[in-house]
Amino acid sequence: MKRLLFIITLFSGVACAHAQYTLIKSADGVLVVSNVPGRKFSVDVPGWKIVPYGLKQADHPFLTADNRLLQIMSVPLAEFHADPKASDDVILRQQMQYETNYTGVPSRAVTAQPRQLAGGRAALLWSFAPRTQIKRQVNLTFRSGSYIVALVGAVDETQSPADIERFLTRIANSFHAK
């Protein structure tokens, strides 16, 4: 996840990276299945036109769904030295700070709002304007046991931040741990 902010702008991504993720056609898009040991889950990505990028070239799926950029990541708590006993809110904010520190995004440039997903799961919606052609990067993160799931989208001239937030929230609400 360390290079997330730079990688998403390059968007060279992956469909099934190193057999860690599988994409399965679903009724309204694709089911993305994580086969990463200790981080097995699935999410449903809606869209009529799903395009995966860079088969077997990255550790996390990159794709477009009806021309919306999406990256799906799972990050172990140990990667950013989180205390597994801490609250979800504390862990999600710690992961956000870790990412922004690594990539040099100033804290003042980041907006963050706690959210609650279906079933009461705590989430953090955070975004910023990168120094690229992307107007805004939107991150929706939530915890599942010993890891964080990060759904990352991009606002460009064809979508609004609210559209991307709804898209990411719909995907997050489809989450199933295996």
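The values are calculated or read from the model by the stated rules, or taken from the named source; none is laboratory data. All values reported here derive from a predicted model rather than from experimental measurement. Cβ coordinates were reconstructed from backbone atoms using ideal geometry, including for glycine residues, and neighbour counts include every protein chain displayed. Areas reflect the complete protein model, heavy atoms only, side chains present, ligands, DNA and RNA absent. Shrake-Rupley method; radii C 1.70, N 1.55, O 1.52, S 1.80 Å.
For Ala82, which sequence-distant residues (separation of 5 or more, or a different chain) have an amide H within less than 5 Å of its own amide H, given hydrogens modelled in the peptide plane?
Under 5 Å from the amide H of Ala82 lies no amide H from a residue far enough along the sequence or on another chain.
Per-residue HN-Hα couplings for region 75-87, Karplus 6.51 cos²θ - 1.76 cosθ + 1.60 at θ = phi - 60°, whole Hz, x for Gly and Pro?
Residue by residue, region 75-87 yields 10, x, 4, 4, 4, 10, 6, 7, 7, x, 8, 5, 5 Hz.
Please work out the FRET efficiency for the pair Lys85 and Asp59, using the Cβ-Cβ distance as r and a Förster radius of 35 Å; give the result to the nearest 0.05.
Working from the Cβ atoms, E equals 0.80.
Ordering His176, His81, His60 from largest to smallest accessible area (1.4 angstrom probe), what's the sequence?
His81, His176, His60
With a 10 Å radius around each residue's Cβ, average the other Cβ atoms per peptide and rank 35-44, 109-118, highest first.
35-44, 109-118
By how many nm would the segment from Asn173 to Thr111 lengthen if fully extended, with 0.36 nm per residue of separation less the alpha-carbon distance?
Working it through step by step, the gained length comes to 20.2 nm.
What dipole magnitude, in Debye to the nearest 20, does region 30-115 give about its Cα centre under +1 on Lys/Arg Cβ and -1 on Asp/Glu Cβ?
Dipole size: approximately 120 debye.
Measure of size requested: the Rg and Dmax of region 53-111, with Cα atoms as the atom set and Å as the unit; please supply both.
14.3, 39
Could you derive backbone 3J(HN,Hα) for region 144-159 from the dihedral phi with the Karplus parameters 6.51, -1.76 and 1.60 (θ = phi - 60°), listing whole Hz in sequence and x where the residue is Gly or Pro?
9, x, 9, 8, 10, 9, 10, 9, 10, x, 10, 8, 10, 5, 9, 10
Among Gln137, Gln95, Gln159, which one moves the most in a GNM of the chain with springs linking Cα atoms closer than 10 Å?
Maximum among the listed residues: Gln159.
If the cut-off is a Cα-Cα distance under 13 Å, which aspartates and glutamates reach Lys135, setting aside same-chain residues fewer than 8 apart in sequence?
Asp156, Glu157
Rg/Rh for region 64-160 to two decimals, with Rh computed the Kirkwood way over all alpha-carbon pairs.
Reported Rg/Rh, Kirkwood definition of Rh: 0.97.
Where the only charges are on Cβ atoms (+1 Lys, Arg; -1 Asp, Glu), what is the dipole of the chain about its Cα centre, to the nearest 20 debye?
140
Averaging over all projection directions, find the projected area of the Cα convex hull of the chain and quote it in nm² with one decimal place.
Reported value for the Cα convex hull: 9.3 nm².
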